[in-house]
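Notes follow the structure.
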Amino acid sequence: MNVRTGIEVSSQTDIGCVRNNNEDSFAYWEPEDDALFQRKGRLAVVADGMGGYEGGQEASRLAVETLMAVYRDFAGDNPRDALVEALQAAHERIREYSFAHSELQGMGTTCTAAAIVRREHGDELYYAHVGDTRLYLIRDGQIARVTRDHSYVGRLVETGMISAEEAEHHPQRNILTAALGTNPELFMDSPEHPEPLRPEDVLLICSDGLWGLVSDSEILDAVEDKSAEQAGRKLIHLARERGGPDNITVQILRLR
């Protein structure tokens, strides 16, 4: 994995303590060409598949592969447009694959993709997101969730029926309202304007196998004063200590 100076990257996944296979997929990419790097920046993706043993694996793999390829080859200069087109292409490819393989009908995946692009005034964050894989921003000893969960419980929180704290332990928190490859129309979040980033900011992308067992405050504690690799190992260890019922994937990107 080619990583330029200016960032520390760790990508880790674990099968967990219960599952027999890992339905999560992830990737990190940055172009070797300097001119292309100025346009594209760095791209990190995490996808959490669903739809049975093979279906979940295939859906998340197709999502990451397609998104990476489309983002890389996108001709325009707007990273947000590239992410939206890439996520749409991944959605359509998964649906086509499920139609061609009847035994995999119902396959789908969450997907969160974050692009960090260097500008004259500093780095900027662009992202595209569907499902309940989460993107966090850690800055100055504080942790904030950037994405919102596309889930039944997420809707309850947005309408004020339950609190965010209640949602973390709700028995139906894993029921998704949006995913790649499931419904004909794709619903995603991708803000039009990027988020300015600062030196020492940390971006963390994780599947629900992590955030479902490890609290935001514990994520913050694990990341502070540790290398990205050490923090990832600590978080996976915590999730496994608590039973690890699902696959656990985490990507940590610390700006230097």
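Quick one: net charge of GLY232's neighbours, Cβ under 12 Å, K/R +1, D/E -1?
+1
Shape call for region 80-234 from the C-alpha gyration tensor, a ≥ b ≥ c root eigenvalues: rounded (a/c under 1.5), prolate (a/b greater than b/c) or oblate?
Values: a/c = 1.81, a/b = 1.29, b/c = 1.41.
The shape class here is oblate.
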Who wins for biggest fluctuation among GLN105, GLN38, GLN88 in a Gaussian network model of the chain, springs between alpha carbons below 10 Å? GLN38
Mind listing the long-range amide H neighbours of ILE175? Cut-off is under 5 Å, sequence gap 5 or more, other chains count too, H placed in the peptide plane at 1.01 Å from N. TYR152, VAL153
For region 84-98, Karplus couplings with θ = phi - 60° (6.51, -1.76, 1.60), whole Hz, Gly/Pro x: 4, 5, 5, 5, 5, 5, 5, 4, 5, 5, 5, 5, 4, 5, 5
Residue among TYR126, TYR152, TYR28 with the largest mean-square fluctuation in a Gaussian network model of the chain, springs linking Cα atoms under 10 Å: TYR152
Could you list which residues have their amide H under 5 Å from that of THR133, counting only those 5 or more apart in sequence or on another chain, with H placed in the peptide plane? CYS111
Per-residue ellipticity at 222 nm attributable to helices in the chain (runs of n ≥ 4 DSSP H, -39500 (n - 2.57) apiece, nearest 500 deg cm²/dmol) works out to -10500 deg cm²/dmol
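Values quoted throughout were computed directly from the atomic coordinates according to the rules given, and no laboratory measurement underlies them. Here the structure is a predicted model, which means the values were calculated and not measured. Virtual Cβ from ideal backbone geometry, glycine too; neighbours counted across all protein chains shown.
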